[in-house]
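See structure below.
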Amino acid sequence: MEGIIGYGAYIPRNRIKVEEIAKVWGTDAPSYKRGLMLEEKSVPSPDQDTITMSVEASKNALKRAKIDPADIGAVYIGSESHPYAVKPSGTVVAEALGATPEAHTADFEFACKAGTESMFVALNLVKAGVIKFGMGVGADTSQGAPGDALEYSAAAGAAAFIFGRDKIVAKIVDTYAYMTDTPDFWRREYQYYPQHGGRFTGEPAYFKHVTGAARGIMQNNDMKPEDFDYVIFHQPNGKFPLRVGKMLGFKKEQIEPGWLVNKLGNTYSGSSPLGLAATLDIAKPGDMVLIVSYGSGAGSDAFIFKVTDHIEEVRNLAPLTRDLLDKNKNYLEYGEYAKFRRKIRKAD
Amino acid sequence: MRDVAVIGIGMTKWGELWKKSLRDIYVETALLALEDAGIDRIDSMYIGSMSSGLFVGQEHIASLLADYLGQLPVPATRVETACASGGLALRLGLMEVASGMSNIVLASGVEKMTDVGGDEATYALGTAADQEYEGYQGITFPGLYALIARAHMQKYGTTREQLAKVAVKNHHNGLKNPLAQYQFEITVEAVLNSVKVADPLNILDCSPITDGAAAAIICPADMARKMGKPLIKVIGTGHATDTIQISQRKDMTWLEATYQAAKQAYAMADKKPEDIDLIEVHDCFTIAEICVTEALGIVDKGKGGEAVEAGLTAMEGKIPVNTSGGLKSKGHPVGATGIAQVVEVTKQLRGEAGERQVKDARVGMTQNMGGSGGSSVVHILERE
Amino acid sequence: MSTPSRYWREIPQRYRLEANKCNRCELTFFPPRLLCPECKNRKLEKSKLTEKGKVITYTIIRVPPAQFSDQAPYAVGIIELEDGVRLTGQIVDCAFEDIKIGMKVKLEFRKLFEEGHAGILCYGYKFVPHGE
């Protein structure tokens, strides 16, 4: 039996409210908040990036997994904001954890799906018996161009999952992937901010792939929405995951524990992984959990997990995701936010 | 060992000397010392310079300066112990003369600091800290002393005002020193309201960035006597080290290297703290003077702040400290500072200190410190 | 600019707080040393520092060195870890007025600075408040 043996989250403490951004660009905050179902988003400090957040989330995962980091056979980091264009994030993370030198590492990039990609590969390497333990991390310090709709949602956070065979907290039931070539959102080499297709990111992109993956994995396992206790969808804004849930026949109660977006924003590669971490924080033994990610470009990964008795023993060994989200917040004004995100042009 | 005397001193007005290069500043100053001694040849020279490499991109300055001083081919040695480099230059010169190896030695120091921008100067000074474990974390030179200050305030109840009073006292003294960089009075209020640099230290707690040099000529006391010079003998020297990382010290408020260096100097000179008439100490920051007076045994441990407040170290006090204005008012061209202290004490012992003359000064002490106290050099001078 | 070797060789200390200790004197050294300064013992054993401690003194750096100029003001403190070892580190995620001597902190992995626009990114430990 394979599955998750440890999981951990990390969310920076800085937040900026939709109103604060709207004030600068002269947009109507109430309608944005309604339209996106978003109140505020997390913002990384200047000393935080995909690597540092991945290390912290991974350390939290290690606290729950209680394994020797040297036994981790693979460290995969999924992000669209790897700090280096060339040079892996994974080597830094693995070194900080003490997982080097006998480990495989790779940086994944697939817009917001890179996190579940890293989990998908780490988990399936464990299943294949190639490694004893594998770790997949989803982390991003997302970029949204100033004044663009993305600026209201592009956030920062990370979640890490360690997979293994013993002392499993959530057993893997199945994985599934669904993808086509759909250019709904992209960032070219040397560009600082991504571009997107506006409303094209909806129906032919997000909704098509998320429903495709969700229906595919349920069909393969002969399961229906009511067979799940919880479901997590990628959360580019508050509305999309609720709407796609409704389209598929899920109830709001199944979605809500992992629906963090209204207070967190879109953490891109960290989005659905953080939703899964928050859901495991409250899940009971025996609960069935479905997670469906989405990455522009475009595709979705789906996983079905069955929570085990062991969850109760490890849950409180590391910070709970909702606590990271709700406690110790520091609200920024737009000027500080612009400084933190290097949106201010300085002299060389 | 032979007795050694100071027979010549030189120092020019310190400050931001935009028109002058490192070699200009040095040569002008050293020539003053040669003229004061009435000689034109030396046997050997030592130059204290903390970081000519980072400040002006020039290493190998010993030969360069020997050349421009017209002294080729004398042996010339640059010495470095961060801000204590000047003091060490004198100590090494002293050893060379006392041993009989040489007769006339130029002990000097120089730093040209204004050829780099503020953040580069901050970086250069910061290299006196452990670069991998203090500098890597973004600590600065004022930051190191701020860590000491906060700990001293916590442990002994030293107040922000007491720190300020060190700066006020030294500016008051510096007003009477025509060579000082800053010749103006400041108030406690001005110090407290000045720009924050590294809390709890403000800009007026800090010695400035200065261009300057200082020089002293030493020779055997017998030779000085024959030359008919006022006999200012160097009767004690001490030099000691401590961890350069503050965090590695058992007591962050205590300057062990200074204590050890003073112990050596007192023993060699056969003097006690109460025998000293005046002291020039390394007040790179206000807190430094407070800690140094404690380590020299002038005041009890933890009482440095109170002593300043009570006026014990003022010009009229029991033991005047930094009659020259100290590093705070006179300026702090790091490598030159230790020699400038010797220049001041020599002037005082000769009775040539003008308006700031300490009456009947006979025994004076200098204390020059590197980094956050990782090295310290102490000298005791006496008029025969 | 230095070559990456200088950064690279400190990785075990900066990423994982690797230290060593003299079992005779019961002293721990961070960074690791080649000999115990007390008893001159050269057979020192590898160890790892704890990641929690308290602030024993601190300052707020407002005039930073060049490579930290984007970050100022920032707090730097001396932290005494639970195993008694002291080290210097930044204190972040905390309002300056909330920093107190005795405040409990824990280690977090952060970026310290960048070597210019194109050089390597320099990571290591900082400290954050550790309430509760």
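The values are calculated or read from the model by the stated rules, or taken from the named source; none is laboratory data. These numbers were taken from a predicted model, which means no experiment stands behind them. Glycine also receives a Cβ, built like all others from the backbone with ideal geometry; neighbour counts cover every protein chain displayed. Each accessible area value is taken on the protein alone, full model and side chains, heavy atoms only, with ligands, DNA and RNA left out. Shrake-Rupley method; radii C 1.70, N 1.55, O 1.52, S 1.80 Å.
Descriptive notes on the structure:
- Test: residue in the stretch B:106-117 that is open to solvent by less than 10 Å² (accessible area, probe 1.4 Å), within 14 Å of another protein chain (Cβ to nearest Cβ), more than 22 Å from B:MET45 (Cβ to Cβ) and without any contact (Cβ under 8 Å) to a residue 60 or more places away in the chain: no
- Restricting attention to the stretch C:73-105, the residues that are open to solvent by 20 Å² or more (accessible area, probe 1.4 Å), of a type in the set (Gly, Ala, Ser) and either more than 12 Å from chain B (Cβ to nearest Cβ) or closer than 20 Å to B:THR140 by Cα (or both) total 1.
- Each residue in the stretch C:50-106 was checked for being part of a loop (DSSP other than H, G, I, E, B), hydroxyl-bearing (Ser, Thr, Tyr) and closer than 17 Å to C:VAL128 by Cβ, and 1 of them qualify.
- For the stretch A:128-143, the candidate set comprises residues that are over 30 Å from A:TYR192 (Cα atoms) and in contact (Cβ under 8 Å) with a residue 24 or more places away in the chain; within that set, the residue that is farthest from the chain's Cα centre (by Cα) is A:VAL130.
- Number of the exception - A:ILE4 against (1) closer than 24 Å to A:GLU256 by Cα; (2) surrounded by fewer than 19 Cβ atoms within 10 Å (Cβ to Cβ): (2)
- Subset of the stretch B:147-202 (residues that are within 14 Å of chain C (Cβ to nearest Cβ), assigned to a helix (DSSP H, G or I) and open to solvent by 20 Å² or more (accessible area, probe 1.4 Å)): B:ARG150, B:MET153, B:GLN154, B:LYS155, B:TYR156, B:ARG160
- Condition check for A:THR180: in a helix (DSSP H, G or I), open to solvent by 30 Å² or more (accessible area, probe 1.4 Å) and hydroxyl-bearing (Ser, Thr, Tyr): no
Yes/no matrix, rows are residues, columns are (1) surrounded by fewer than 24 Cβ atoms within 10 Å (Cβ to Cβ); (2) in contact with a strand residue (DSSP E or B) (Cβ under 7 Å, 6 or more places away or on another chain); (3) among the hydrophobic types (A, V, I, L, M, F, W, C):
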{"site": "B:ALA314", "(1), (2), (3)": "yes, no, yes"}
{"site": "B:VAL321", "(1), (2), (3)": "no, yes, yes"}
{"site": "B:THR337", "(1), (2), (3)": "no, yes, no"}
{"site": "B:ALA340", "(1), (2), (3)": "no, yes, yes"}
{"site": "B:THR366", "(1), (2), (3)": "no, yes, no"}
{"site": "B:GLU382", "(1), (2), (3)": "yes, yes, no"}
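- When the test is whether a residue is open to solvent by 10 Å² or more (accessible area, probe 1.4 Å) and within 20 Å of the chain's Cα centre (by Cα), B:GLU28 passes it.
- Residue within the stretch A:209-227 that is assigned to a strand (DSSP E or B) and farther than 30 Å from A:GLU313 by Cβ present: no
- Any chance B:TYR123 is hydroxyl-bearing (Ser, Thr, Tyr) and at pLDDT 95 or above: no
- Test: residue in the stretch B:256-275 that is in contact (Cβ under 8 Å) with a residue 40 or more places away in the chain, within 14 Å of chain C (Cβ to nearest Cβ), touching a helix residue (DSSP H, G or I) at 6+ places or on another chain (Cβ under 9 Å) and open to solvent by 40 Å² or more (accessible area, probe 1.4 Å): yes
- Answer from C:GLU108, C:GLU132 - the residue that is at pLDDT below 95 and more than 12 Å from chain B (Cβ to nearest Cβ): C:GLU132
- When B:GLY373, B:GLY302, B:GLY331, B:GLY326 are checked against the criterion of being touching a Phe, Trp or Tyr at 6+ places or on another chain (Cβ under 6 Å) and farther than 20 Å from B:LEU32 by Cβ, B:GLY302 stands alone in meeting it.
- The stretch B:118-129 - residue that is under 30 Å from C:GLN13 (Cβ atoms), at the interface with chain C (Cβ under 8 Å from one of its Cβ atoms) and not hydroxyl-bearing (Ser, Thr, Tyr) and, of those, surrounded by the most Cβ atoms within 10 Å (Cβ to Cβ): B:GLY126
- If only residues of the stretch A:268-312 that are of a type in the set (Ser, Thr, Tyr) and part of a helix (DSSP H, G or I) are counted, the one that is farthest from A:ALA65 (Cα to Cα) is A:TYR268.
- Any chance B:GLU294 is touching a residue at least 40 places away in the same chain (Cβ under 8 Å) and open to solvent by 10 Å² or more (accessible area, probe 1.4 Å): no
- Within the set C:ASN20, C:ASN41, the sole residue that is open to solvent by 10 Å² or more (accessible area, probe 1.4 Å), outside any loop (DSSP other than H, G, I, E, B), more than 12 Å from chain B (Cβ to nearest Cβ) and without any contact (Cβ under 8 Å) to a residue 40 or more places away in the chain turns out to be C:ASN20.
- Qualifying residues in the stretch A:26-65 (those that are open to solvent by 40 Å² or more (accessible area, probe 1.4 Å) and in contact with an Asp or Glu (Cβ under 8 Å, 6 or more places away or on another chain)) - the one nearest to the other protein chains (Cβ to nearest Cβ): A:PRO46
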